[in-house]
Amino acid sequence: MRTLHAIEEGIKRKEFSAEEVVRFYQDRIAKHDEEVGAYLYCYPSPSDGIPIGLKDLLATKDAPTTCGSKILEGYHPPYDATCVRLLREKGMSFLGKLNMDGFAMGSSNENSAYKRVCNPWNTECVPGGSSGGSAAAVAAHLAPATLGSDTGGSIRQPAAFCGVTGLKPTYGRVSRYGLVAFASSLDQIGPLTHDAWDAAILLGMISGHDPMDSTSANVPNEDFTKHLTGDVQNLRIGVPREYFAQGLDPAVNAAVRQSLSVLESAGAKLFDISMPHTEHAVAVYYLVATAEASSNLARFDGVRYGLRNTTGKDDSLIPMYKNTRASGFGPEVKRRIMLGTYSLSAGYYDAYYKKALEVRTLIQRDFLDAFTKVDVIATPTSPTVAFKFGEKSADPLTMYLSDIYTISTNLAGLPGISIPCGMDKGLPIGLQMIGRPFDEGTILRAADAYQRLTDWHDLQPEGFKI
Amino acid sequence: MSVSLDEVKRIASLARLAISEEESLSLATELSKILDFAQAIQQIDTSNIPATTHVLDIVDVWRDDAVKPSLDRETVLKQAPAAEDGCFIAPKIV
């Protein structure tokens, strides 16, 4: 009983009860989470539904929500995020809240204010980030599936590093109401699962128009599993040469190319394409995302919720703001607030923020042009497999560059999925597939077809097998 | 492109962040490095290219001005660092 669909089937056949499933995962967490570090909070008595885990930036009215940061330590939201409410209405149960980089800023989970998350495949390696807890929990069977959020790769990159399936939906598909905001024009909530089938199930549960989020798209919800036919005959897959250039690890390159030939043998057609503005995506992303973050995080002011620091010599309003924010935010969050404030400030706005938004248009056009010729774009999810703790944390720019293959998707608002497609030195490799806006159906179909033909998604890390 | 120490302090003040001398030094180095890297986009010709602030083709919507249940005041105030008589308490401003 590893996947949601297998659990659902088992309950239907009365092989086990939902209560037993919940207890099974609670026992797993009790036994293994000290080593993994995936959970920041566990529900003492989850309800009797199929249980999943939630990234700790989704508001839950019955559990604390820290966003991986000290500034929200002990915060109990007075309401549920829309996706949380929808899952409750569908009878799902929650095991707990999952560790993450503070405010979802990071690619290694080393920016959690609470504890580190280890990669279950090699506990000396990072699980990726920012949804590191969400990915590690699925890989180590501490939850059958989880929700994460993805602003520049935060679902797909940890999914790749931990050998699980991670789906970032089209911007606007899933309501962001109750998601602690990082960069509002880029953030999306999505599932991390064992396979594409489960991703389709969970996506169907959390999607839909929501009047509480003015950027929620008014498109009809669908049963995404109906797309999973296993058929990729004549599916046109674009392979952008800029994603297979300098900096790509040869083992990752080989595994991704091998996975593409598997899809080709199943009838898909591969096309060499070019996305000329790819090299500028990291720069554009770190200007746009930090600008939005500096504005969003202004709400943490020590007045309405969270931490207040009045220990300074001067405890009048402005010093209280400054001291509260200085002691509540971690170094990476501060760095990004500073960078965003800089690029939005008078004198720099046109050269940085506005220029970045114009180049963002060019990046989006690269995709829309490509999608006139192909149905899916396939790339590596990350240029390398999971790296070691401390390996990139000393230099922010080196860390930012590890997001190079995932961030364009967010800038263009497109859906993207990462699925396991190989192993190198005992660590998983991810294949990313990007689709047209609101065409999650096609990338899920391609991912599912691939998983019917291969067993990379079935591999389990030593020490965490069930 | 390099960000001066004074610039870092000015930005920190705009962002309402108290920073130590040591933090300003490392932020000056890090921000300079990141902005140097971002400098590459200046070379791209974007004349006649509109800015994309948002990818979806949607506009702000109106809702009916109807009374609906909202969050309970006491529950909300319970999360505040300081509250009294149904209000948030902030340091004295005037």
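The phi torsions of the range A:255-264, fed into the Karplus equation with coefficients 6.51, -1.76 and 1.60 and a -60° offset, translate into couplings of 5, 5, 5, 4, 5, 5, 6, 4, 5, 5 Hz, rounded to whole numbers, with Gly and Pro shown as x. Residue by residue along B:22-34, Cβ atoms of other protein chains within 10 Å of the local Cβ number 3 on average. Working note: Karplus 6.51/-1.76/1.60 with θ = phi - 60° gives the range A:94-100 the couplings 10, 7, x, 10, 9, 4, 6 Hz, where Gly and Pro are set to x. For the range A:228-387, the C-alpha radius of gyration divided by 2.2 N^0.38 Å, with N the number of residues, is 1.48. Across chain A, Cα pairs under 8 Å and at least six residues apart give a relative contact order of 19 percent.
Ordered by the number of other Cβ atoms lying within 10 Å of each residue's own Cβ, fewest first, A:212, A:433 fall into the sequence A:212, A:433. Counting only other chain Cβ atoms within 10 Å of each residue's Cβ, the peptide A:346-359 averages 4. Straight Cα distances below 19 angstrom link residue B:78 to the aspartates and glutamates A:62, A:73, A:80, A:301, with same-chain residues fewer than 8 positions distant left out. Listed by chain and number, the lysines placed with their C-alpha closer than 25 angstrom to that of residue A:12 are A:90, A:226, A:465; residues fewer than eight positions away on the same chain are left out. Counting Cβ atoms of other protein chains within 10 Å of each Cβ in B:36-48 and taking the mean gives 5.
Annotation: peptides A:65-73, A:7-15, ranked by per-residue average of other Cβ atoms within 10 Å with the highest first, follow the order A:65-73, A:7-15. Think of each Lys and Arg Cβ as +1 and each Asp and Glu Cβ as -1; about the Cα centre, that makes the dipole of the protein assembly as shown roughly 360 debye.
In the protein assembly as shown, the DSSP beta bridges split such that about 70 percent are antiparallel, to the nearest 5. Ordering A:380, A:100, A:167 by the projection of their Cα atoms onto the charge dipole of the protein assembly as shown, which places +1 on the Cβ of Lys and Arg and -1 on the Cβ of Asp and Glu, puts A:100 at the extreme positive end. Kirkwood analysis of the protein assembly as shown, using all unique Cα-Cα pairs, places the hydrodynamic radius at 23.7 Å. Straight-distance candidates among the lysines for linking to residue A:392, with alpha-carbon spacing under 22 Å and chain neighbours fewer than 8 residues away dropped: A:115, A:334, A:425, B:33.
Over all other residues within a Cβ to Cβ distance under 10 Å of residue A:285, the charged ones net out to 0, with Lys and Arg as +1 and Asp and Glu as -1.
Read the figures in this text as sums done on the coordinates, not as results from a lab. This one's a predicted model, so the numbers in the text were calculated from it and none came from an experiment. Ideal geometry is used to build each Cβ from the backbone, glycine not excepted, and the neighbour counts take in all protein chains shown.
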